[in-house]
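> I have a structure I would like to understand better, so I am pasting it below and will then ask my questions one at a time.
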Amino acid sequence: MQKDQIRQGRLPGERPPGVMRFLSSMDADRWIAGADLLVDMAHLLMLRRQGIVGEDSARALMTALLDLYEHGLPGTAFDERFEDIHAGKEAYLIERLGEDIGGRLHTGRSRNDEVATCIRLRLRDEVIALARALIDLRQTLLSVAGQHEGTVMPGFTHLQHAQPTTLAHHLLAYEQAFARDFERLRDAYARVDASPLGSAAFASTGFPIDREYAARLLGFSRLAENTMDAVSSRDSALEVMADLAICMATASRLCEELIVWSTAFAGFVRLDDAYCSSSSIMPQKKNPDTAEIMRAKAGSVAGELAAGLMIVKGLPMSYNRDLQELTPHLWRSVEAARQSLPLLSGMISTVAFDADRMQREAGRGFATATEVADLLVGRYDLPFRTAHRIVGRAVRHGALDIGTLERAAREATGISLVERGLSQEQIDAVLDVRHAVAVRDVPGGPAPSAVRSQIEERQRRLCDDAAWADGAAAVIQNAFEHLLTEARRLVS
Ligand code: ARG
């Protein structure tokens with residue numbers, strides 16, 4: 001049975017299993033085990049190139065690392081008697097190669113820079129995957145919006161019928177919010193993409209290491225330079241967690257819409273059965289459980305961020321073991337978002353909209369009253385506040401017809417609208433919900449022509465964003481191909 005090599009010198013005694021379990025980060029380390037092998041290879045190539053580890057040891061170590069990379073780490077490396085995967089892997093290498101060889105890989109390195117590098121390596125992939133999930137979701141929203149440029153629906157403020165809009169406009173609002181969520185992740189990526197490797201415990205090392213070379217091998221665009229900061233900061237992880245908390249809040253809002261829209265009260269949508277559940281007692285039930293779970297996950301992800309901030313806020317420089325406790329929060333928030341975004345895209349692309357019902361509701365609750373006020377301003381040169389008062393009073397009297405408006409105008413201002421030429425036809429024309437939408441033809445507005453040009457513009461932006469994700473992924477892939485080529489060249 002392999003021992004935890006790290007304890008042998010200073011603390012050779014046994015520890016109670018409860019302590020070992022308490023200290024071990026093994027569960028979360030499954031996220032970084034693959035990255036750790038790449039970090040090992042880059043570190044080893046650097047050690048050999050700098051003449052810090054000899055040719056024979058380097059070759060034997062690399063043979064083992066390539067074998068582990070291709071066939072996976074053995075289950076024993078994940079045993080909770082090890083504090084983490086770094087210790088479990090080192091114990092395995094020493095058992096397999098003997099200490100004279102296996103004990104050389106950790107030269108000029110600490111688990112502190114090792115784990116910080118592994119987290120950033122894995123997080124880079126996850127951020128790109130999340131960015132791509134957001135691109136897919138945005139594409140779905142744009143496509144469905146494109147089918148509903150002319151579908152009129154009620155818009156709400158305070159969840160009260162407010163003014164008519166188009167379904168395309170409503171969906172584009174979410175596309176725009178998710179585009180900002182994408183931008184935030186892309187910005188965070190630049191700060192994740194920096195290499196802590198070579199920082200060792202925090203003060204770097206006296207060996208003549210080449211940090212830049214190791215960073216290049218791992219496809220990092222730069223160093224996380226100050227070695228104390230590099231091992232002890234997790235703000236780039238916190239930033240991604242914050243971005244995901246915000247993104248999930250956006251997703252949760254859309255879920256909330258789907259939940260409300262699918263009620264019998266609203267009846268705007270029918271969710272696909274695939275995303276719904278039934279009841280164990282009420283045989284008629286179809287519940288929007290996927291949207292509900294997602295709404296709750298947004299709360300969990302916000303909680304992960306809060307936990308992460310609380311963990312780091314009191315830590316003095318440099319590495320403190322508390323940092324280990326942050327990492328599972330990071331992966332949980334990544335996992336929640338990675339599960340949620342494709343499901344949300346699936347829900348949106350399969351939902352059936354009841355366009356007739358939406359249009360009927362669009363005019364409810366005097367939703368076009370603003371149009372009547374605007375008519376009085378535009379045609380009869382009343383100040384908007386005066387027109388607002390007249391129309392508000394007419395609504396209080398219960399109708400927006402010529403008689404009621406005339407009465408309201410006389411009561412509120414003493415003037416006669418009829419004498420000024422207001423007619424029932426003029427009122428009917430502006431009360432039409434299609435008219436209310438069509439005149440709102442400003443950039444970003446709900447008119448069919450306005451949403452059409454927004455969709456075209458957003459589609460172009462989406463292509464640029466997809467190109468960024470492809471570019472970032474290609475940089476990593478090229479670097480790893482080169483790294484593996486160099487690793488194989490060493491052993492051949
Ligand atoms: N499992 C640790 C973590 O996730 C690795 C670093 C351990 N370093 C230490 N000095 N105990 O942070």
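The values are calculated or read from the model by the stated rules, or taken from the named source; none is laboratory data. Predicted, not measured: the structure shown is a model, and the values here were computed from it. Positions of Cβ are backbone-derived with ideal geometry, glycine not excepted, and every protein chain shown enters the neighbour counts.
> Step by step: first the residues of region 464-492, then only those that are loosely packed, with under 12 Cβ neighbours inside 10 Å and of a type in the set (A, V, I, L, M, F, W, C), then the one that is nearest to LEU217 (Cα to Cα). Which residue is that?
Per the criteria, the residue is ALA474.
> Would you say ILE311 is closer than 30 Å to HIS169 by Cβ and either surrounded by fewer than 15 Cβ atoms within 10 Å (Cβ to Cβ) or over 17 Å from the mean Cα position of the chain (by Cα) (or both)?
Numbers: closer than 30 Å to HIS169 by Cβ: no; either surrounded by fewer than 15 Cβ atoms within 10 Å (Cβ to Cβ) or over 17 Å from the mean Cα position of the chain (by Cα) (or both): yes.
The answer is no for ILE311.
> Do we find a residue being more than 30 Å from GLY34 (Cβ to Cβ), of a type in the set (D, E, K, R) and not in a loop (DSSP other than H, G, I, E, B) anywhere in region 426-433? So that I can check it myself, show each step before the final result.
So the first thing to find is which residues in region 426-433 are more than 30 Å from GLY34 (Cβ to Cβ), and the list is 426-433.
In the following step, the residues that additionally are of a type in the set (D, E, K, R) were identified as 428, 432.
Then keep just the ones that are not in a loop (DSSP other than H, G, I, E, B); that gives 428.
Yes, region 426-433 contains a residue that is more than 30 Å from GLY34 (Cβ to Cβ), of a type in the set (D, E, K, R) and not in a loop (DSSP other than H, G, I, E, B).
> Same structure, new question: Can you work out which of the residues in region 279-303 that are at pLDDT below 95 and polar (S, T, N, Q) is nearest to GLN339 (Cα to Cα)?
Once the filter is applied, the top-ranked residue is SER279.
> Quick check on my filter: what residues within region 133-143 are surrounded by fewer than 19 Cβ atoms within 10 Å (Cβ to Cβ) and either within 14 Å of the ligand (Cβ to nearest atom) or not polar (S, T, N, Q) (or both)?
Hit for region 133-143 is ASP136, nothing else.
> Can you spot a residue in region 107-121 that is among the hydroxyl-bearing types (Ser, Thr, Tyr) and not in a helix (DSSP H, G or I)?
yes
> When the residues of region 307-335 are narrowed to those that are within 18 Å of PHE202 (Cα to Cα) and in a helix (DSSP H, G or I), which ends up farthest from the ligand (Cβ to nearest atom)?
For region 307-335, the residue satisfying everything is VAL312.
> Right, here's the next one. Looking only at region 145-155, which residues are under 29 Å from the mean Cα position of the chain (by Cα) and over 15 Å from GLY267 (Cα atoms)?
Selection gives ALA145, GLY146, GLN147, HIS148, GLU149.
> Being touching a strand residue (DSSP E or B) at 6+ places or on another chain (Cβ under 7 Å), away from the ligand (no atom under 16 Å from the Cβ) and closer than 30 Å to ASP181 by Cβ is true for just one of GLU126, GLU149. Which residue is that?
Details: GLU126 fails: touching a strand residue (DSSP E or B) at 6+ places or on another chain (Cβ under 7 Å).
Of GLU126, GLU149, the one residue that is touching a strand residue (DSSP E or B) at 6+ places or on another chain (Cβ under 7 Å), away from the ligand (no atom under 16 Å from the Cβ) and closer than 30 Å to ASP181 by Cβ is GLU149.
> How about region 1-93: which helices (runs of 4 or more DSSP H) wholly inside it have at least 1 residues that are within 16 Å of the ligand (Cβ to nearest atom)? Even if it seems obvious, please write down each step before you answer.
Numbers: elements: 17-23, 26-29, 33-49, 55-71.
By residue number, 17-23, 26-29, 33-49.
> Would you call ASP113 of a type outside the set (Lys, Arg) and surrounded by fewer than 20 Cβ atoms within 10 Å (Cβ to Cβ)? Walk me through it before giving the result.
Numbers: of a type outside the set (Lys, Arg): yes; surrounded by fewer than 20 Cβ atoms within 10 Å (Cβ to Cβ): no.
Criteria not met by ASP113.
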